[in-house]
1. So if I take the centroid of the Cα atoms in segment 102-147 and the same for segment 19-88, what is the distance between those two points in Å?
2. Read phi for every residue in segment 64-73 and hand back ³J(HN,Hα) as whole Hz from Karplus 6.51 cos²θ - 1.76 cosθ + 1.60, θ = phi - 60°, with x for Gly and Pro.
3. Return the Cα extents of the chain along principal axes one, two and three, sorted largest first, each rounded to a whole Å.
4. What residues have an amide H closer than 5 Å to that of residue 116, excluding those fewer than 5 places away on the same chain, when H is modeled at 1.01 Å from N in the peptide plane?
5. Please sort by residue number the trypsin sites (Lys or Arg not before Pro) in segment 57-98 whose DSSP state is loop and whose Cβ has at most 11 other Cβ atoms within 10 Å.
6. Within segment 22-147, what is the number of lysine pairs with alpha carbons under 23 Å apart, leaving out pairs fewer than eight places apart on the same chain?
7. Please determine, in degrees from 0 to 90 and to the nearest 10, the orientation of helix 13-35 with respect to the longest principal axis defined by the Cα atoms of the chain, where the helix direction is its Cα long axis.
8. Per the Kirkwood definition applied to all pairs of different Cα atoms, how many angstroms is the hydrodynamic radius of segment 29-93?
Amino acid sequence: MIKRKSNDRGFTLIEIMIVIVILGILAWQVVPRIMGKPEEARRLKARMDIASLETALKMYKLDNGVYPSTEQGLQALIEAPTIGQLPRKWRKGGYLEKGRVPMDPWENEFIYLSPGLHGDFDLIAYGNDGEPGGEEDNLDINNWELD
């Protein structure tokens with residue numbers, strides 16, 4: 001049998017209240033900083049998806065000598081095009097790992113133009129509003145502006 005000392009006590013109500021107040025103050029300071037992070041995470045994911053699509057498009061060009069046309073679109077990365085200039089050596093299984101073209105983090109399709117206005121091709125995610133242009137969270141993410 002275990003004997004308890006008379007000096008062993010739990011936390012007092014005042015000690016528990018002090019801990020709750022400290023946690024409340026910390027939450028009050030930290031929560032506003034965390035609230036802006038989901039949009040920042042979406043913008044980072046869009047940049048990563050654009051980089052991945054760029055790599056797949058470059059592999060497509062290495063195999064076929066040209067980039068898919070705007071008309072063929074990004075769909076040409078997962079199934080051989082049947083319109084426009086047909087690929088010479090389209091890779092069985094496609095050029096995207098998951099076998100599907102990703103949507104941008106706002107559940108819109110990436111915009112693909114080939115030839116692009118800023119290079120061989122342009123990839124664009126329109127941001128939170130899903131429309132060209134915008135500021136802050138609605139700012140477009142473009143492949144020609146990425147590092």
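1. Cα centroid to Cα centroid, the span is 10 Å.
2. 10, x, 9, 7, x, 6, 4, 4, 6, x
3. Cα spread of the chain along its principal axes, largest to smallest: 88, 46, 23 Å.
4. Under 5 Å from the amide H of residue 116 lie the amide H atoms of 121, 122, each far enough along the sequence or on another chain.
5. 88, 89, 92, 98
6. Number of lysine pairs found: 10.
7. On a 0 to 90 degree scale, this one is about 20.
8. 13.9
Each value in this text was obtained by applying a stated rule to the coordinates, not by laboratory testing. Being a predicted model, the structure only gives us computed values, none of them experimental. Note: ideal-geometry Cβ built from the backbone for every residue, glycine included; neighbour counts use all protein chains shown.
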